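Enquirer: Submitted below is the structure of interest, expressed as structure tokens.
The values are calculated or read from the model by the stated rules, or taken from the named source; none is laboratory data. Please read all numbers here as calculations on a predicted model, not as lab measurements. Because the Cβ atoms are built from the backbone with ideal geometry, glycine has one as well, and the counts that use them run over all protein chains shown.
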């Protein structure tokens, strides 16, 4: 897997970021925050993608 600039090569362990609790959907982040609730898994996945894009944009602005 390709790592970000400045990060050492290492083994990455993947886990499911999505949780379904009491008919609500949540996702967890690398920073160990829980985001949600969302009304559907699709909505949670779209919000997760937006979250990742936002974090990456901030990272690349600082390193660029």
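Enquirer: Of all residues being at pLDDT 95 or above and touching a helix residue (DSSP H, G or I) at 6+ places or on another chain (Cβ under 7 Å) in region 27-40, which is farthest from residue 4 (Cα to Cα)? Just the residue, please.
Expert: Restricting to residues being at pLDDT 95 or above and touching a helix residue (DSSP H, G or I) at 6+ places or on another chain (Cβ under 7 Å), the top hit is 38.
Enquirer: Could you give me the residue pairs with C-beta distances under 6 Å whose first residue belongs to region 48-64 and is within 21 Å of residue 16 (Cβ to Cβ), whose second residue is modelled with pLDDT of 95 or more wherever it lies, and which are 6+ apart or on separate chains?
Expert: 48/27
Enquirer: Could you please give the count of residues in region 41-64 that are surrounded by 12 or more Cβ atoms within 10 Å (Cβ to Cβ) and at pLDDT 90 or above?
Expert: Number of matching residues: 10.
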